[in-house]
Amino acid sequence: MHQTLTIARREITSLFFSPIAYVVLGLFALGVTWIFFLGFVPGQQATMRSVFGLVARFMIFILPAVSMRLLADETRSGTLEVLMTSPINDAQVVVGKWLGAMGFLLVLISPLIVLIGVMEIYADPDYGPIITGFVGLLLIGGLYLAMGTLASAATQNQIIAFFITLFLIGMFTIVTMILGSMNLANANVREAIFYLNVETHYAQFNRGLIDTADVVFFLSGIVLFLFLAVKLLESRRWR
Amino acid sequence: MQTRFDDLPIDIMIETKQLTKHYGPVVAVNGLDLSIPDGQIVGFLGPNGAGKTTTLRMLTGYIPPTSGQACVAGFDVLKQSEQARRQIGYLPENNPVYPEMRVDEYLEHRGKLLCMSRTARKQRKDIVTDRCGLSKIRRRVIGQLSKGNRQRVGLAAALLHEPQVLILDEPTAGLDPNQISEVRRLIGELREKHTVLVSSHILPEIEKMADRVVIIAGGHIAADDTPTNLRKRLSEHGRLIVDVRANGEALQKAMLATVGVKHVEIHTQGEWSQATITPDKQTDSPGMHDPREALGQMLLKNNWAVREMRYDTPSLEQFFIEITAKQDQAA
């Protein structure tokens, strides 16, 4: 555990050493604020629902850029060899990397707290859905980052890792949505496909509902992709 | 100590048995048997692509062998990988480091990865930075350091947890002669406290610091001896070169008649002839391996002028090229 956190800490500091991190953070904060104030007019409901929904959409494009370097960069620069020959196991490396990226995600969505503060000044927001929405954002982001960790373990090219992640996220958002809304003959298949859609699960959180089924969906997804990343990293040993 | 590899005596630090690695159809390391006792500094030599890095990577547990076994400090590198890795300080080829970190931060990071306690980290960081001459640049960012200094950082990190076994892959690659001699001095200081396996493709570099030189080529061990013995073996290959003002044929005839001469090769250039003589090692005559005296008398008798007579001992380098080329032909 200790070593996992060591890796996570290094990851988050190194993320802040790349100029791209600041560009991403800046643009995200700007975009979110702009959208917030578009809907910030008298008479509107004091909720963050539409903002959170858009943030979840933004993450589809932003998080692959955060996760793409996690393992790909270490493989390319050879520092992976140092990590793998230290007395730590592959799972610690993968989880540490993912946790580091999660730390960045926390920083990324922190401007939302300021916006909620602004809302508090002018209105009386309902904190229930806001808190569940936040939890949902962390879960959806965690899932995307887990997909990104897997993609980053697959290649030493960051650009390829970015597109693999985008593809994976696309499968669980756009593709399942299109397939799910098509008139498929078998209702069970349709339902199964629809179940895989990430955004429907997230919508519950945004509505203020924490359903165990949704939490299980996200957590099992995160575990699955991190597990696959560990296996992929291990495969280096018998390739 | 926990369960140990077979019944190895404790003083064998690195042991491989028929260690083999295939990359698809390519055989990188082929049935390597190596045994290194505690405290020895072993130079691991071979041309590029001979299987040095592959062997070292198998020893450090980075890649598994296709077949065969390896153990470090008594632990099987495959079955007791974590324990084995704990005993190893490893400097990989090209010394990968995180360029954005400061020297001190990097060592701290490596110490934490090794599960060292806070006090141990502080203490050992002071010792290794001092030893590797990094004390003055502890706060500098690694990416801005010179290659030599970066190499010292890698070495300091490898030494951080006082490992029993140090594995250094080409630690002198890309350094200037001053830095090379510095790294050599550093490694020399590790004698007795650590077992060191250091690879290189440059022989004279290794020769000076190693107790023993293992030369591999084509995935096999081509030679395994002390540097002194290697030199001795070389001198047996020594040839005598004499530059004489004389007719080539007459000279060859006269030389072959001299005691202790086995073979003569003549190159004539103008009125000077250069003879390359292979001494006869079988002869029991007083001249033995050194026919120089007899040759001198012969030349004097014939009244031939001599402008040069020298022993040409092939350098270790030539020897290295010779045996590695032989291995390549066999492969």
statement: If we keep only residues of segment B:56-75 that are open to solvent by 10 Å² or more (accessible area, probe 1.4 Å) and more than 9 Å from chain A (Cβ to nearest Cβ), then the residue nearest to B:ASN149 (Cα to Cα) is B:PRO65
- prompt: Inside segment A:148-179, can you point out the residues that are part of a helix (DSSP H, G or I), open to solvent by 50 Å² or more (accessible area, probe 1.4 Å) and at pLDDT below 90?
  reply: A:ILE174, A:VAL175, A:MET177, A:ILE178, A:LEU179
Qualifying positions in segment B:224-255 - within 15 Å of the chain's Cα centre (by Cα) and either among the acidic types (Asp, Glu) or modelled with pLDDT of 85 or more (or both): B:ASP224, B:ASP225, B:THR226
Residue selected from segment A:87-97 under the condition open to solvent by less than 10 Å² (accessible area, probe 1.4 Å) and not in a helix (DSSP H, G or I), by the criterion farthest from the other protein chains (Cβ to nearest Cβ): A:ILE88
query: Of everything in segment A:1-44 that's β-branched (Val, Ile, Thr) and open to solvent by 40 Å² or more (accessible area, probe 1.4 Å), which residue is modelled with the lowest pLDDT?
result: A:VAL41
- request: Scan segment A:31-53 for residues that are part of a loop (DSSP other than H, G, I, E, B), in contact (Cβ under 8 Å) with a residue 12 or more places away in the chain and of a type in the set (Val, Ile, Thr) and jot them down.
  value: A:THR47
task: Evaluate the following for A:LEU209: is it under 17 Å from A:GLY142 (Cβ atoms) and open to solvent by 60 Å² or more (accessible area, probe 1.4 Å)?
output: no
task: Take the residues in segment B:154-179 that are of a type in the set (Val, Ile, Thr) and within 13 Å of chain A (Cβ to nearest Cβ), then tell me which one is surrounded by the most Cβ atoms within 10 Å (Cβ to Cβ).
output: B:ILE167
statement: By residue number, the members of segment B:56-89 that are touching a residue at least 40 places away in the same chain (Cβ under 8 Å) and either assigned to a loop (DSSP other than H, G, I, E, B) or in contact with a helix residue (DSSP H, G or I) (Cβ under 6 Å, 6 or more places away or on another chain) (or both) are B:THR60, B:ILE63, B:PRO65, B:THR66, B:ALA70, B:VAL72, B:ALA73, B:GLY74, B:PHE75, B:GLN80, B:GLN87, B:GLY89
- line: Considering segment B:111-132, residues that are within 14 Å of chain A (Cβ to nearest Cβ) and part of a helix (DSSP H, G or I), and then whichever is most open to solvent (accessible area, probe 1.4 Å), we arrive at B:ARG118
field: Positions within segment B:89-100 being in contact with a strand residue (DSSP E or B) (Cβ under 7 Å, 6 or more places away or on another chain) and more than 7 Å from chain A (Cβ to nearest Cβ), in sequence order
entry: B:GLY89, B:LEU91, B:GLU93
message: Residues to consider are A:PHE104, A:PHE61; find the one that is among the aromatic types (Phe, Trp, Tyr), under 22 Å from A:LEU224 (Cα atoms) and surrounded by fewer than 19 Cβ atoms within 10 Å (Cβ to Cβ).
response: A:PHE61
message: Just to verify a result, which residue in segment B:26-55, among those that are free of Cβ contacts under 8 Å to residues at least 24 places away in the same chain and away from chain A (no Cβ under 14 Å), is most open to solvent (accessible area, probe 1.4 Å)?
response: B:GLY49
query: Does segment A:226-239 include one or more residues that are farther than 28 Å from A:THR4 by Cα, open to solvent by 80 Å² or more (accessible area, probe 1.4 Å), of a type in the set (Lys, Arg) and at pLDDT below 90?
result: no
message: Going through A:LEU63, A:LEU25 one at a time, which residue ends up being assigned to a helix (DSSP H, G or I), more than 20 Å from A:PHE218 (Cα to Cα) and under 22 Å from the mean Cα position of the chain (by Cα)?
response: A:LEU25
- request: Identify the residue in segment A:107-132 that is more than 25 Å from the chain's Cα centre (by Cα) and in a helix (DSSP H, G or I) and, among all such residues, is surrounded by the most Cβ atoms within 10 Å (Cβ to Cβ).
  value: A:MET119
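The values are calculated or read from the model by the stated rules, or taken from the named source; none is laboratory data. Keep in mind the model is a prediction, meaning the values are calculated, not measured. So basically every Cβ, Gly included, is an ideal-geometry build from the backbone, and we count neighbours across all protein chains shown. Accessible surface areas use protein heavy atoms only, side chains included; no ligands, DNA or RNA. Shrake-Rupley method; radii C 1.70, N 1.55, O 1.52, S 1.80 Å.
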